[in-house]
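Single-structure report; data block below.
The values are calculated or read from the model by the stated rules, or taken from the named source; none is laboratory data. These figures come from a predicted structure and were not determined experimentally. In this analysis, Cβ positions are derived from the backbone assuming ideal geometry, glycine residues included, and neighbour counts consider all displayed protein chains.
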Amino acid sequence: MPWSTLVATAVGTVLGVLATLMADHVRWRRDRSERERDTLRAAFTEYLTALSAARDAFSRTEPSPEAVGKGHVALGEHGVYAAQHQLELVTRRTLVDKAGRATLAVLDFHDAVVAGHASGSPEYVSAWRTARRTRAALIAEMRKVLRYG
């Protein structure tokens, strides 16, 4: 058997193994990226759901001046802090900072409601708009993270 046949067979085998390894690596990276995106999406959804539930519950709260400044307890009951801690573990700092601002805006909304400001009052409207604006900024950042990883 000539040398050239042996060398060609060996080179062909090595190239085949390398191509297979490369394809497996590309597939592994794609699967890993999809799993990471799914993890982020789940954490984002959990946080937004908890925050929205708290905000909606606050909008139905009766005025209670002694409850001003105690919205953090209700946020904890709605799972906002637990969801926010999960965000801290899985995503970048800029998104965590925006989530913190959204949480504080909902706390301010709570305080406006329990302070007795009616739904049409400037204080209520301002707090509601701020909560919506910070939530919208957070969602925009979440979409950016999900798109670019």
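Structure data summary
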quantity: Test result for E62, at pLDDT 85 or above and under 24 Å from V90 (Cα atoms); calculated: no
quantity: Hits in the stretch 3-46 (condition: within 22 Å of L89 (Cα to Cα) and among the aliphatic types (A, V, I, L, M)); calculated: L40, A42, A43
quantity: Unmet requirement for P2, which otherwise passes all of (1) at pLDDT below 90; (2) surrounded by 12 or more Cβ atoms within 10 Å (Cβ to Cβ); (3) more than 22 Å from R101 (Cβ to Cβ); calculated: (2)
quantity: Which numbered condition S119 fails, given (1) surrounded by fewer than 20 Cβ atoms within 10 Å (Cβ to Cβ); (2) polar (S, T, N, Q); (3) not in a loop (DSSP other than H, G, I, E, B); calculated: (3)
quantity: Counted residues, the stretch 41-51 - those being free of Cβ contacts under 8 Å to residues at least 60 places away in the same chain and either under 19 Å from S126 (Cα atoms) or of a type in the set (G, A, S) (or both); calculated: 3
quantity: Residue match in the stretch 56-77 (condition: among the aliphatic types (A, V, I, L, M), under 30 Å from S33 (Cα atoms) and in contact with a helix residue (DSSP H, G or I) (Cβ under 9 Å, 6 or more places away or on another chain)); calculated: no
quantity: Check on T45, out of contact with any Ser or Thr (no Cβ under 8 Å at 6 or more places or on another chain), closer than 17 Å to L146 by Cα and β-branched (V, I, T); calculated: yes
